[in-house]
C-alpha cells in the first residue's frame, strides 16, 4: 500500500459504508476500490460493518427471500460516529465532516446531558468488585503478564535486579487486580483500554 493510500483522509458515516457493502457482490466492490475481495471484507469487518451472508447474491438473483441491509447501531458513548477511509473510497462512499468538538453529542444511545450520560453508564456498568486472586485476566493486560513472566524466568537465570519482574510486591499486585477489575467492568460496555502498559506503569509509580 502506498503512503497516499495509507492515509485515512476520507471521513464517512458508518451507514454509508454499510450500504456500500450491500450494494453489489464483494468481488465487484473490491474491483471498484482496487483491493482484493478478502482484503475489503477484512477492512469492512474492522469498522464493524456487517457484510451479506454466504450465497446472498445467488438467492437474490433467483428471486428467493434475503435479509435486508441492516441498520448501523446508534453511536455509543466514546464513539465518533464516523469511519476513516483512504482515498480509494472517495468514488464509492460519500464524504462527511468529522463530528465537531462542539457537538451535538446526543444520539439514540447517548443522552445530550452529561449528568444523564454519567448515570446511564454507571448503571450499565454496575458494581465493580476486585477479587483477591487474579484468576481471569482481561485481554488488555495479557501482554503485560506475558512480559512479567518472561522477566521472571530471566531473573531466575541471571539473578540481576534489572531483570526482575516489575509488579511483584503486594501493593503492585493489588493495583494490577484493581486495573484488571476496571477493564473487566468497562468491557461490559465494549469500552477498550488504550496504552495498557503505560497505564500500569503510571499506577506503579503512585505512592
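Points worth noting:
- Rg/Rh for the chain, where both radii come from Cα atoms and Rh is the Kirkwood radius: 1.08
- Volume in Å³ per residue [convex hull over Cα atoms, computed for the range 3-89]: 94 Å³
- Sequence-distant contacts, meaning Cα pairs under 8 Å at least 6 residues apart, place the relative contact order of the chain at 21 percent.
- Dimensions (Å) - the range 91-131, Cα atoms, principal axes, largest first: 52, 25, 18
- FRET E, pair residue 23, residue 96, Förster distance 22 Å, beta-carbon r, rounded to 0.05: 0.75
Laboratory data are not the source of any read-out in this text; all were calculated from the coordinates shown. None of these values were measured; they are calculated from a predicted model. Here the Cβ is made from the backbone with ideal geometry for all residues, glycine too, and neighbour counts use every protein chain on show.
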